[in-house]
Amino acid sequence: MFSAQLHRYIFLVGTFGLMFGMMVGTATASIPEIILMSNWLLEGRFKQKWNQLKSNKIYWSLIAIYLLHLLSVIYSNNLSDAINDLRVKLPLFVLPTVYFSTQSLSKKELHLALICFIGGVFANTAWCYVFSFVIHQLETVREVSRFMSHIRLGLFVNLAILCAIYLMSELQSIKLKIVLVILIAYFTCMLMALALTAGIGFLGLIIALGSIILIVKKIQRKYVLIGLTILIISILFVGENLMRFKQELSTIKESPSNLKLEKTKAGNYFRHDSSHQIESGFIVNMNVNYEEVQNTWNQRYPNDTFNIPQQYNLKRFYILSRYFSSLGLPGEAHSFNLLSEKDYNNILNNVPNPTYPSWNSMKKRFYELVWDITEYQHGANINGHSFSMRLHYWEVALSQIKKKWLFGYGIGGVNQSMQEGYTSFKTQLDKNWQLRPHQQFLTITLGLGLVGLLFFITSLIYPMMVLRKQLPVIYFVFMVLTLVSFLFEDTLETIAGICFYAVFNSVMLSYIYFKTKHN
């Protein structure tokens, strides 16, 4: 229908649009994929394309996992969930098909594609920072990522750093190299500013792996050793400060506020529901009268009420309890008279500690992480606590995998099998937090069994084995990042995660494959 030159132009527009668009929204990621597939269909030449694909083992290894998902629909007990899962994972089939049956990207086009991606990451992180800390001044650091989870954003930022390093080794322009160095510094700062703790961990992994590879290749060994020494010292310094902060959070002060009191100022009896929770050295709920706290708050804020007996909006009560404790105040009506308007605003914004707003983002994130772990260790309410909920998800998923370990429940049965697991565990999680495993290998095993897991692992490592001598270092580090992300996230269960894996795998592997074949 169109000329070959126009089809090529549309293909490049779709590629560049996808590399940039996947960072700034679902629609901006989906539209370029539709453009690429529509262009591929309109281009025709299906017999030629089939001949190009049918003997390409790398292509078949990439789409094998999608085909296995498709096959599992036969024994899935929920067709609607199965179809939705196939829809979300469609790029795992579409993108390898397009890129391995279309004329390969040239070296210059690949560089432009990577630059578009770096631009997308820059736009994403800049907007996250402005939205969170300039426009809205958010206190909850988990909410800073606007387009995807904070773990996935950390992955993308690290991938942008990898792409910048790769381009520095490929490009000759000194000016462009200076710009790339500035961008690497910017992305590193954004990891800290946005408190992307997983991303900071990934960055440490990149530095360590890159250093080891360079040492093995005997490239500038003395400089690599210096870099590794700096990294180790930095890790020890950060670790020592984190341990000191953890001790600060868990140390109980010698104070009358940590002793049992008999009655409130109003003459009602205190309850002593103290547990493991400590806020600024004071035991949470050491002295509390639930009725006084509930009634006083509900009268002051009729649009933000909570009800303890009915388990309604308990998050507000938990924030109140922690805030009172951080000030060394008991949970009673009189304590409300000692709060300032700033204190009330903090509580309404879910700030559990008056000193919290003055902390930097990393300290806030670590504070939340320590709280999560402590809650999980003591069997407390873990609703909304990302780390402790993940541990619970994994426990439930493993219990369900044991029941159908060979072929799994089918991709349409993952949600239902998890719900059955939550029921058998008598979980304390609210319904809206009863989610999928949040660990890619467990999700694959739950849906496709050990057979599917073996296919999945083969799909990941086979291309590296075949093209290992031709693949650049950046690809191996990218795959390590991907595998690590699979340990903590359902990376391939969302559009952002699918793009992270499918786009770069298809673009990089097809480029290297055609380059190798041509040579």
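The values are calculated or read from the model by the stated rules, or taken from the named source; none is laboratory data. In this text the structure is predicted, and so the values were computed from the model without any measurement. When we count neighbours, we look across all protein chains shown, and the Cβ atoms used for this are built from the backbone with ideal geometry, even at glycine. Only protein heavy atoms, including side chains, enter the accessible area calculation; ligands, DNA and RNA are left aside. Shrake-Rupley method; radii C 1.70, N 1.55, O 1.52, S 1.80 Å.
Before moving on, here are some points about what is shown:
- Residue (of MET168, ILE151, THR355) at the positive-pole extreme of the chain, dipole from beta-carbon charges: MET168
- Stretch in the chain that is longest and holds no GluC sites (Glu not before Pro) that DSSP places in a loop and that have at most 11 other beta carbons within 10 Å: 263-519
- Theoretical FRET efficiency, 1/(1+(r/R0)^6), r = Cβ-Cβ of CYS189 and ASN51, R0 35 Å, to 0.05: 0.10
- Solvent-accessible heavy-atom area per residue, rounded to whole Å², over the stretch 422-519 at 1.4 Å: 41
- Site pair LEU348 and LYS108 shows an inter-label distance of 5.8 nm when each label is modelled 7 Å from Cα along Cα→Cβ.
- Surface composition of the chain: carbon and sulfur make up 64 percent of the accessible area, probe 1.4 Å.
- Computed magnitude of the charge dipole of the stretch 70-186 (debye, nearest 20; Cβ of K, R +1, Cβ of D, E -1): 300
- Here the mean projected area of the convex hull built on the C-alpha positions of the chain is 28.4 nm².
- When shorter helices are ignored and each DSSP H run of at least 4 residues is given -39500 (n - 2.57), the per-residue value for the chain at 222 nm works out to -22000 deg cm²/dmol.
- Dipole magnitude for the chain: computed about the Cα centre from +1 point charges on Lys and Arg Cβ and -1 point charges on Asp and Glu Cβ, it is near 2140 debye.
- Using θ = phi - 60° in the Karplus curve 6.51 cos²θ - 1.76 cosθ + 1.60, the 3J(HN,Hα) couplings for the stretch 188-198 round to 4, 5, 5, 4, 6, 5, 8, 6, 7, 4, 5 Hz; x is entered for Gly and Pro.
- Extension gain for ASP430-VAL134 works out to 103.3 nm (0.36 nm per residue, less the C-alpha to C-alpha distance).
- The chain: relative contact order in percent, alpha carbon pairs under 8 Å with at least 6 residues between: 19
- Maximal additional length on extending the ALA208-LYS260 stretch stands at 13.6 nm, based on 0.36 nm per residue less the C-alpha distance.
- 3J(HN,Hα) from dihedral phi, the stretch 503-511, Karplus parametrisation 6.51/-1.76/1.60, rounded to Hz, x for glycine, proline: 5, 6, 5, 5, 5, 5, 5, 5, 4
- Added length on full extension, which subtracts the Cα-Cα distance from 0.36 nm per residue, LEU42 to LEU391: 120.9 nm
- Spatial offset of the stretch 262-313 relative to the stretch 445-519 amounts to 51 Å, using the alpha carbon center of each.
- Of the trypsin sites (Lys or Arg not before Pro) found in the stretch 391-488, those that fall in a DSSP loop while having at most 13 other beta-carbon atoms within 10 Å are LYS402, LYS403, LYS426, ARG468, LYS469.
- Among LEU36, GLN48, LEU71 - extreme Cα towards positive end, dipole of the stretch 1-96, charges at beta-carbon: GLN48
- Among LEU180, TRP127, VAL98 - extreme Cα towards positive end, dipole of the stretch 43-183, charges at beta-carbon: VAL98
- Cross-link partners of LYS515 among aspartates and glutamates (Cα-Cα below 16 Å; sequence separation of 8 or more within a chain): GLU109, GLU170
- Within the stretch 435-452, backbone nitrogen closer than 14 Å to the virtual label 7 Å beyond the Cα of TYR75 toward Cβ: 445-452
- Listed cross-link partners LYS260/LYS426; LYS263/LYS431; LYS253/LYS364; LYS89/LYS426; LYS315/LYS364 are compared with a 29 Å cut-off, the Cα-Cα value being larger for LYS260/LYS426; LYS263/LYS431; LYS89/LYS426.
- Computed from backbone phi with θ = phi - 60° and the Karplus coefficients 6.51, -1.76 and 1.60, the 3J(HN,Hα) list for the stretch 442-456 is 5, 5, 4, 5, 5, x, 10, x, 5, 4, x, 4, 5, 4, 5 Hz; x is used for glycine and proline.
- Residues TYR290 and LEU67, FRET efficiency given R0 of 56 Å [Cβ-Cβ distance, rounded to 0.05]: 0.50
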